[in-house]
Amino acid sequence: MHTDTVKKALELLGVSAEEAEELKKRRLIRIMEYRDLTYIVVTRDARGLTQGTIAVAGRTEARLVPGYPPITRVLLPSIALPKHFIDRVVVEEKMNGYNVRVFELEGKLYAATRGGYICPYTTHRIRRMQGEKLRKLIESLGPETTLFGEVVGLENPYTRYYYPEAPSFGYFIFDIHTEEGFMPPQKRIEFVENHGIPHVPVHGIIDKNDAKSLRRIMEKLEKQGREGVVLKDPQGRVPPLKYTTSRTNTSDLELGMKFFFEEGRSFLFSRILRQVFMAYEEDWNKQRLEEEAKRLGRAILLPAVQAIRDVAEGKGLYEEYTLRFGDEKEMIEFEEHMASLGVVVARGEVRRQDNEILVTYKKFKDTATSIASILRTGLSPLD
């Protein structure tokens, strides 16, 4: 690890070498490398910095990449919107992917996940697909610009959901941060579109008291199987809020309960709570309540029981996905990156297509170990 670049990164955070050692021991920061860069990740909110903030230094330049602040979730929009917003509300779609920040340093674009780690795979895909346009957009605003967007599609190692507009991989901007702070939504939407870059869908600007219009938008997204919305003030005067569809809540549960010892507990209560208050807000009748109750129960029970049966039959529990690389070096970089994060991925089929390499990976889950222990002993590890 290069001492000079570590020093530059620490200076950006306002942290001495001695303080850095203490923060590392407390797991508040982590020092990482990517090619010629050294970067420090703020792993938890600390010293006034948002979790996911990155201090990154290269050979000649260094900069701070801001983290993305958490967004408060709406449970009762008819109450929350009039109290929270000033007058109008921009309704942007909340796409089902993973949060990625794109920034420039020493003439190159990099892509970092919400947690603050530069992802080699995402970096290379975005460079190839949208690199020139994104670079021009950043340069038109200044070197300290950070683009915030959602990566969606089936060819990624994090969150896979099919979108007709981006079946394999797509990057859609939803925020821009400059030296002056976050760009107001109305200005940002126009700015991004003028540069010919994909933006998350905007479903309109409504009055803060117009709960009916919001419900119509949510019903449309529900029918389309989309995730939900992020609600923003047109001038950015108050923080945004988020609201998800009923189908998303149960779909998340179904996914999480496949690996219930790792993800089920964090998925369960929050999503059940969303369904409970949505039923109240929308005044579901008896038939709708019965239908949603069955769907909720199926989402919790069926994937978990199937997981137990799979382990009992000697099968592993894993996520499987296919990634697309420009060359073998990109493939190795991705695998080394995942290993550095303690994530075990097993390489499967490798094939070539249109001068690219397609690789199928399996990401094995620890839930299988816990299930195997219960099947062996008959005892609960929880209580």
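We did not get these values from a lab; they are worked out from the coordinates using the rules stated. In this text the structure is predicted, and so the values were computed from the model without any measurement. Reconstructed Cβ throughout: ideal geometry from the backbone, glycine too, with neighbour counts over all protein chains shown.
Cα to Cα, under 18 Å, and not fewer than 8 places away if on the same chain: which lysines meet these conditions relative to Lys220? Hits, sequence-local ones excluded: Lys94, Lys212, Lys242. Taking the inverse of the mean 1/r over every pair of distinct Cα atoms in the chain gives a Kirkwood hydrodynamic radius of 22.8 Å. Along the charge dipole of the chain, Cβ charges K/R +1 and D/E -1, which of Asn209, Gln353, Ala112 sits furthest on the positive end? With unit charges placed on the Cβ atoms, the residue in question is Asn209.
When a footprinting reagent is the concern and you count Cβ atoms within 10 Å, what order do Ser213, Ser266 take, fewest first? Going from least to most buried by this count: Ser266, Ser213.
Which residue fluctuates most in the GNM of the chain (Cα springs below 10 Å): Glu336, Glu227, Glu92? Comparing Glu336, Glu227, Glu92 in the GNM, the peak value goes to Glu336. Residues of the range 288-314 with an amide N closer than 15 Å to a point placed 7 Å from the Cα of Glu222 along the Cα-to-Cβ direction: 288-296. How many angstrom separate the Cα center of the range 151-204 from the Cα center of the range 1-57? Answer, in whole Å: 28. Taking 7 Å steps out from each Cα toward its Cβ at Thr50 and Ser213 produces label points 2.7 nm apart. For the range 1-65, with equal point scatterers placed on the C-alpha atoms only and solvent neglected, what are the log10 I(q)/I(0) values from the Debye formula at q = 0.16, 0.18 1/Å, to two decimals? Taking Cα atoms of the range 1-65 as identical point scatterers yields -0.43, -0.54.
Could you name the lysines in cross-link range of Lys315, using Cα to Cα under 25 Å and dropping any fewer than eight places away on the same chain? Cross-link targets: Lys258, Lys362, Lys363, Lys365. Maximal additional length on extending the Leu301-Thr60 stretch stands at 81.3 nm, based on 0.36 nm per residue less the C-alpha distance. Ranked for footprinting exposure by Cβ neighbours inside 10 Å, fewest first, Leu358, Leu231, Leu289, Leu28 give Leu289, Leu358, Leu28, Leu231.
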